[in-house]
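Below: one structure, written as C-alpha cells.
The values are calculated or read from the model by the stated rules, or taken from the named source; none is laboratory data. Keep in mind that what you see is a predicted model, and the values were worked out from it rather than measured. No Cβ is skipped: glycine too gets one built from the backbone with ideal geometry, and neighbour counts run over all protein chains shown. Side chains included, ligands, DNA and RNA excluded: accessible areas come from the protein's heavy atoms. Shrake-Rupley method; radii C 1.70, N 1.55, O 1.52, S 1.80 Å.
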Amino acid sequence: MRHRWVALGATAGFVVVATFGGITAAQAKTAHADAASARDSRHVLVISVDGMHQTDLAAYVKSHPSSTIAGLVNHGLEYTAAKTTLPSDSFPGMVAQFTGAGPGFSGVYYDDTYNHTLLAPGTTDCTTATPGTEVPWTEAIDRSQTPITLDAGEGLKTPALTAIPNETKAQTLANSSAITAAALKMTPTPQTLIDPAALPIDPQTCLPVYPSQYLTTNTVFEVARSRGLRTAWSDKHPAYEILNGPSGTGVQDLFTPEINSVADASGDDWTTDNALTQEYDGIKVQAVLNEIDGYDHSRTSKVGTPAIFGMNFQTLSTAQKLPTSDGLAGGYLGDGKPGPLVSRAMDYVDGQLGRMVAQLKQDGLENDTTIILSAKHGQAPTDSSTLRRVDDGAIISALNVAWAAQHPSETQLVSFSVDDDAMLLWLSDRSSTAFAFAKSYLLQHSAPANTVNDAKGVYSTTVSASGLSSVATGVQADALLGAKAGDSHAPDLVGIAQPGVVYTGGVSKIAEHGGASADDRDVALVVSGAQVHHARTIGSAVQTTQIAPSILRFLQLDPRELNAVKSQGTRTLPGIEG
C-alpha cells in the first residue's frame, strides 16, 4: 500500500521476441545452437504480460503445445533465467526494458514515490518552500478525478464512454465493441491528459515536472526517432508518457486508456474483475492490430507500421491477485500449478497474441518483424499457503509514534512509504541516527497477519520483524538499488519481505509485486521472429534491461546510443549478437 505521512500542522513482464519460421517445434529445439544474427529487422513488437513468470511460460507451453506462445518459444530464443528489476514494480520494470537502465540509473523506483528535493504541487514561491513531495506516476495525475474516466479526462463525448458509470458490469461487457471504438479515439499525446496542478514542482524552474522529465536517461524510442523511425506504445496510465524520455517526444503514438477508471455503476475499476480486465486489454490489442496494419492506433491515418511498438497485458496480473473472479478461484493451486482464473487468463493472452501473429502474416510482415515477449514484473506468492497479509499502515504509524516519543519536537519520521511485498520508506530525517532507529524498530516489531482463509479483520497469526527478512538504509539501500549515494529519488529504507508477506489492510488480493523474491523477479523472456534463425534455450542469467539494447541491435541501430549502455555497460541479450 502507499502512504503519505504528514505531521500535524505541516503542509503537506514478460517480454518474448518470436520468430515465425516454417520448421517444426522438434526441429527448432534441436537446431544448431549458433548465435542468431541480427539482420534486416524492420519492426520490433514488444509485449509485456505483466505477472508472467518463467514457470507460467513453461507450464503453458507444456500443456498447450499447439498454442501461439508455444510457437514463439519453439521457434525462438527462450531465456529461462531472466530477472526483472528490484524493486519489481511496473514503472521501473517497463522503463528498464526501454532504457537498458535499472532504477538506480533511471531514477524510477516505483510508480508512486517521493523525492527529497522537489516541491509540492501548486507551489508558487520556490525560494522558501520546504523541499520534499510525493511523485505519483499513477491515475492521481489524470485530468479526470471525480470520476476517473477511461479517457483520463480528454472529454470524449461518445455515448459508449459517458454511459460506463451508469452501467452494470454485464452491460459494460456487452458494450465492449462500442467502448473499444470510442476509446481508440483518444489522443496519441497523453501528456495533454495530465493535470499540471497535480505534478511536483522543480525548485530551480518553479515549473511542474512531467514524468518524462523525471526520467534521468534516454529511451529506445528517442534513439529510433532520431533516425527517422516511427514509434508507438500502449499502456495503462497517461503517466506512461515517461517513455517519451527526457526529450518528451520519443513515442509518436502513445495510447494510454486509464485502467484505474470507473468501469461500471459500482464504481469499481477495470482491475477488480478479470473479465473487465480482459475487455480493457482488448482495447489496446485493437490499437496494436491497427498499427500492424499500417495505421495509427485509432485507425484514422495510414502512417506505416512502427519500427518499435507494442503493449502490456494486465489480464494475467489481476488473475494472480484476485481471490476469485467470475466464479473462478484466482492464483495458483497448492502444487504451484495455475488455478482456473490464471489458466483462463493465459488462454486469453495466447488468443490475443495469435491475432497479432495472424495480422503480421496477413500484412506480409512476419519475415521482418521481431517479437519480444516478457513481463514488467512477476507476482508473489505463488503458494497461497504462505500468504501473510500485514497491515503496513499500522506498522508505519507505530514507527512514527515511537520516534515521536524520543523526538517530540521533530517532524514525523516517515514522509512517505510504498509497501506491496517490499517496504520502501522515505524519511524526514536522513541522519544515521534516524536510519538506525527505523531499522531497529522494524526488525524488532511483531505484527498481526491475515492468512488466505481469514476474513477481513481476522488475524490468525503473527509475523516477526514487521514481516521483513532484512532491512537496508542510507548508502546500503542505495547500493542495493544501484543508486548514487544520497539520490533524492531513492528510498531511504528498503525492507525485503519474508516469503508470502503482502502489505495490505484488506483481503481483496492474494498476491502482489515489488519485492525481491523469485516469484517477483523471475520473469519469462522469449525472442522470436525475423532475427532468430536457430531456436535455442539459454539458461545463463540475464536481466530485462538487456531488452533495450537488443531492440536497437535488431533495427541495425547502435546500442551505444543508449546512455545506460555507455554508462552501465548494459549488454544485448546473448544469442542475438550479429
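Based on C-alpha pairs under 8 angstrom that are at least 6 apart in sequence, segment 379-513 has a relative contact order of 37 percent. Only helical runs count toward this figure. For the chain, summing -39,500 (n - 2.57) over DSSP H runs of n ≥ 4 and dividing by all residues gives -8000 deg cm²/dmol at 222 nm.
An oblate overall shape is assigned to segment 460-578, the ratio a/c of its alpha-carbon gyration tensor axes (a ≥ b ≥ c) being 1.5 or greater and a/b not exceeding b/c.
Net charge of the neighbourhood of L328, taken over other residues with C-beta under 14 Å away and scored Lys/Arg +1, Asp/Glu -1, is -1.
In this structure S63 has an accessible area near 70 Å², from a 1.4 Å probe over the protein heavy atoms.
The Cβ shell under 10 Å around E561 holds other residues with a net charge of +1, Lys and Arg each +1, Asp and Glu each -1.
A probe of 1.4 angstrom, applied to the heavy atoms of all protein chains, finds R355 with accessible area near 100 square angstrom.
Classification of segment 269-426 by its C-alpha gyration tensor yields a prolate form. The axis ratio a/c (a ≥ b ≥ c) is 1.5 or more, and a/b outweighs b/c. For segment 210-259, which chymotrypsin sites (Phe, Trp or Tyr not before Pro) are both in a DSSP coil and crowded by at most 12 other Cβ atoms within 10 Å? Sparse-neighbourhood loop chymotrypsin sites (Phe, Trp or Tyr not before Pro): none present. Ordering V220, T117, P190 by the projection of their Cα atoms onto the charge dipole of the chain, which places +1 on the Cβ of Lys and Arg and -1 on the Cβ of Asp and Glu, puts V220 at the extreme positive end.
Considering only V108, I47, A404, the residue lying farthest towards the positive end of the dipole of the chain is I47, judged by Cα position with unit charges set on Cβ.
Over all other residues within a Cβ to Cβ distance under 14 Å of Y210, the charged ones net out to -3, with Lys and Arg as +1 and Asp and Glu as -1. Take the solvent-accessible surface of the protein heavy atoms, probe 1.4 Å, and return the percent of it on the chain that carbon and sulfur atoms account for. The value for the chain is 52 percent carbon and sulfur by accessible area.
Rounded to the nearest 5, what is the percent of antiparallel bridges among the DSSP beta bridges in the chain? Beta bridges within the chain, antiparallel portion: roughly 70 percent. When K157, K169 are compared by accessible surface with a 1.4 Å probe, the order from highest to lowest is K157, K169. For the pair A178 and N453 in one chain, pulling the backbone fully straight at 0.36 nm per residue adds 95.1 nm over the alpha carbon distance.
Looking at the square roots a ≥ b ≥ c of the eigenvalues of the Cα gyration tensor of the chain, which shape do they give, rounded for a/c under 1.5, prolate if a/b is larger than b/c, or oblate? In terms of gyration-tensor shape, rounded. Under a model in which nothing but the beta-carbon of Lys, Arg (+1) and Asp, Glu (-1) is charged, the chain shows a dipole of about 1020 debye around its Cα centre. Reported to the nearest whole Å, the Cα centre-to-centre distance from segment 556-578 to segment 461-516 is 30. Using R0 = 30 Å, the C-beta based FRET efficiency linking S397 and D125 works out to 0.40. Among the trypsin sites (Lys or Arg not before Pro) in segment 406-493, those located in a DSSP loop and surrounded by at most 16 other Cβ atoms within 10 Å of their own Cβ are R430, K456, K484.
If only the Cβ of Lys and Arg carry +1 and only the Cβ of Asp and Glu carry -1, the dipole of segment 67-169 around its Cα centre is close to 180 debye. Farthest toward the positive end of the dipole of the chain, out of A455, A170, L525, is the Cα of L525, where the dipole comes from beta carbon charges about the Cα centre.
Restricting the chymotrypsin sites (Phe, Trp or Tyr not before Pro) of segment 429-522 to loop positions (DSSP other than H, G, I, E, B) with no more than 16 neighbouring Cβ atoms within 10 Å leaves Y459. Accessible area per residue for the chain is 35 Å², calculated with a 1.4 Å probe on protein heavy atoms, without ligands, DNA or RNA.
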